[in-house]
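Heads up, the thing below is written out as structure tokens.
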Amino acid sequence: MLKVTDLHAGYAGSEVLHGVSLTVGDGESVVVLGPNGHGKTTLLRAISGLIKPTGTIEFDGQVISNKNAAAIVSAGVVHIPQGDLPFPELSVMDNLLMGAYRSDAWRERKQKLEMVFELFPTLKERPKQLARSLSGGERRMLALGRGLMGKAKLFMIDEPSLGLAPFLIENVYEAIRNIRNTGLSILLVDENADHIAGLADRVYLLEGGSLVKEGRSEDMLRDAALLAAYLG
């Protein structure tokens, strides 16, 4: 589904990612773990076309590293950014419908809404509530739901645990596990390995802008010394 080869990216002439290569298979869930400030967000921004990388990014058999963000979204890459970024003065329902703005997704909005409300019953209960009045956990669910309204083939999620209380983190990760069970390919980045059991098929460790380790999730999560060395 996704193949990233020798990716270099950064900001204002300062390189953040140094030759990153990774893959996500069709229907596979892949998690990239790493400390704060080591390039996880930059990786997702480069894949989704928000910054211009060097190297090659192939998605669903097509090179997308030379395309703009709009074309990459149209190809089926949906990026849930860090901090959620709902439209604060729009209702829950209007935020969700904004996720289906592409014509092909709009035609399927009713079916997608049913799926979102099944995954997130809290959103179904408050369609007219303004996004700015939601709790942190509810905004996170709204961001995930809005992303699901598009015709995604790959769902990229940036630090879903950021800023949430521990009990809310597990609720959000349980929702992501349910999304994974729909067959959607997932690339998730986080600095915390505590909640990815039962979600990740494979795990990469990113340190200093370079991938330092990759393996099956059960093997990586079993290696407490390895995780402690890189994640603290």
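Is it true that some residue in region 118-129 is surrounded by 14 or more Cβ atoms within 10 Å (Cβ to Cβ), assigned by TED's automatic domain parsing to the domain that holds Gly61 and part of a helix (DSSP H, G or I)? No, because not a single residue in region 118-129 is surrounded by 14 or more Cβ atoms within 10 Å (Cβ to Cβ), assigned by TED's automatic domain parsing to the domain that holds Gly61 and part of a helix (DSSP H, G or I). Being under 25 Å from Lys112 (Cβ atoms) and not in a loop (DSSP other than H, G, I, E, B), is that true of even one residue in region 2-16? Yes, region 2-16 contains at least one residue that is under 25 Å from Lys112 (Cβ atoms) and not in a loop (DSSP other than H, G, I, E, B). Applying the set (1) over 14 Å from the mean Cα position of the chain (by Cα); (2) among the basic types (Lys, Arg); (3) assigned to a helix (DSSP H, G or I) to Lys151 leaves exactly one unmet item: (3).
Of all residues in region 138-148, exactly one satisfies the criterion of being free of Cβ contacts under 8 Å to residues at least 40 places away in the same chain and over 16 Å from Arg177 (Cβ atoms), namely Glu138. With respect to being assigned to a strand (DSSP E or B), in contact (Cβ under 8 Å) with a residue 60 or more places away in the chain, in contact with a helix residue (DSSP H, G or I) (Cβ under 8 Å, 6 or more places away or on another chain) and surrounded by 19 or more Cβ atoms within 10 Å (Cβ to Cβ), Val78 fits the description.
Results for (1) free of Cβ contacts under 8 Å to residues at least 60 places away in the same chain; (2) in contact with a Lys or Arg (Cβ under 9 Å, 6 or more places away or on another chain), shown as yes or no for each residue.
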position: Ala105; (1), (2): yes, yes
position: Met115; (1), (2): no, no
position: Glu118; (1), (2): yes, yes
position: Ala131; (1), (2): yes, yes
position: Phe155; (1), (2): no, yes
position: Ile176; (1), (2): yes, no
position: Ile179; (1), (2): no, no
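The values are calculated or read from the model by the stated rules, or taken from the named source; none is laboratory data. From a predicted model like this one, the values you see are computed outputs, not experimental measurements. Note that we place each Cβ from the backbone using ideal geometry, even for glycine, and neighbour counts take in every protein chain shown.
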